[in-house]
Amino acid sequence: QVQLVESGGGLVQPGGSLRLSCAASGSIYTIYTMGWYRQAPGEQRELVASITSLGNTNYADSVKGRFTISRDDAKNTVYLQMNSLKPGDTATYYCNADLMRCTDFEVVTYWGKGTMVTVSS
């Protein structure tokens, strides 16, 4: 059994900052790419940022220069530092991870249940 649990969401004023965390636990052999996605009401889920096991990062154009993704492999955790937040960043943020399970050595993509971020004055 593998679980991804996000934390750190909340209400913040425009221009403010939040740091999201996502911890993976369970029968994990190794984690490859980890990422953050978001979904606003009535919209499709979109990639925000991703980071490979080598530390290579990729960002959506809308968050470049404002958001930073990082990971701590010792803790099986991925972070998303969000600065200069805008009302348009309001969404439910989901983390995902491509990982190999130690039970069967299958590579599977897992998702967290999401954490809500609201940017409003």
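Here the chain has 46 percent of its accessible surface on carbon and sulfur atoms, given a 1.4 Å probe and all protein chains in place. Phi angles across the stretch 42-59 convert, under the Karplus curve 6.51 cos²θ - 1.76 cosθ + 1.60 with θ = phi - 60°, into 3J(HN,Hα) values of x, 10, 7, 5, 10, 6, 9, 6, 9, 9, 7, 5, 8, x, 6, 10, 9, 10 Hz, Gly and Pro given as x.
The residues of the stretch 2-121 expose, per residue, 52 Å² of accessible area to a 1.4 Å probe. Per residue, the average separation of C-alpha pairs within less than 8 Å and at least 6 apart gives the chain a relative contact order of 37 percent. For the chain, the spherically averaged projection of the C-alpha convex hull amounts to 7.1 nm². Applying a 4.7 Å cutoff between beta carbons, the unpaired cysteines of the chain are Cys102.
Charges were assigned to the Cβ only: +1 to each Lys and Arg, -1 to each Asp and Glu. The resulting dipole of the chain about its Cα centre is roughly 300 debye. The separation of the stretch 71-121 from the stretch 1-62, counted between C-alpha centres, amounts to 2 Å.
The values are calculated or read from the model by the stated rules, or taken from the named source; none is laboratory data. These numbers were taken from a predicted model, which means no experiment stands behind them. FYI the Cβ positions are ideal-geometry reconstructions off the backbone, even for glycines, and counts take in every protein chain you see. Quick note on the areas: whole protein, heavy atoms, side chains included, nothing else; ligands and nucleic acids left out. Shrake-Rupley method; radii C 1.70, N 1.55, O 1.52, S 1.80 Å.
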